[in-house]
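As structure tokens, the structure follows; a few thoughts come after it.
No value in this document is a laboratory result; all are computed from the given coordinates. Please read all numbers here as calculations on a predicted model, not as lab measurements. Virtual Cβ from ideal backbone geometry, glycine too; neighbours counted across all protein chains shown.
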Amino acid sequence: MPRGRGEIIRNKLRKLRKQKGLTQKDLAKLLEVSRQTVISIEKERRDPSLELAFKISQTFDRPVRKIFKLETYRSNSRVMMND
């Protein structure tokens with residue numbers, strides 16, 4: 001979901017969760033959050049807190065920047081701000 005000035009955080013959470021054979025409920029339990037939180041982050045309706053982003057990073061043994069990407073939009077064009 002857009003974040004004000006044309007920014008959105010994209011993520012690979014669903015892909016990583018499925019690769020690891022976890023359900024949304026399993027992942028929620030590992031992260032100590034609700035299943036709805038996992039769903040909202042996967043659907044990019046909500047951004048994780050910094051603490052949760054680090055927990056996700058540790059769970060999948062990947063750097064935060066390999067899971068989440070900030071995209072900035074400027075007048076009908078997209079500019080990638082990460083990698």
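With both labels modelled 7 Å from their Cα along Cα-to-Cβ, the Glu71 to Lys55 distance reads 2.7 nm.
When the chain is fully extended, how far beyond the present Cα-Cα distance does Lys18 get from Leu30, taking 0.36 nm per residue of separation?
Full extension from Lys18 to Leu30 adds 2.9 nm.
When we measure straight from the Cα of Lys25, which aspartates and glutamates land under 17 angstrom away, once same-chain ones fewer than 8 places off are left out? Hits, sequence-local ones excluded: Glu42.
In segment 7-80, the alpha-carbon atoms span a convex hull of 85 Å³ per residue.
Loop-located GluC sites (Glu not before Pro) across segment 1-71 with a Cβ neighbour count of 11 or fewer within 10 Å are Glu32, with loop assigned by DSSP.
On full extension, the segment bounded by Val64 and Glu44 gains 5.6 nm, given 0.36 nm per residue less the C-alpha separation.
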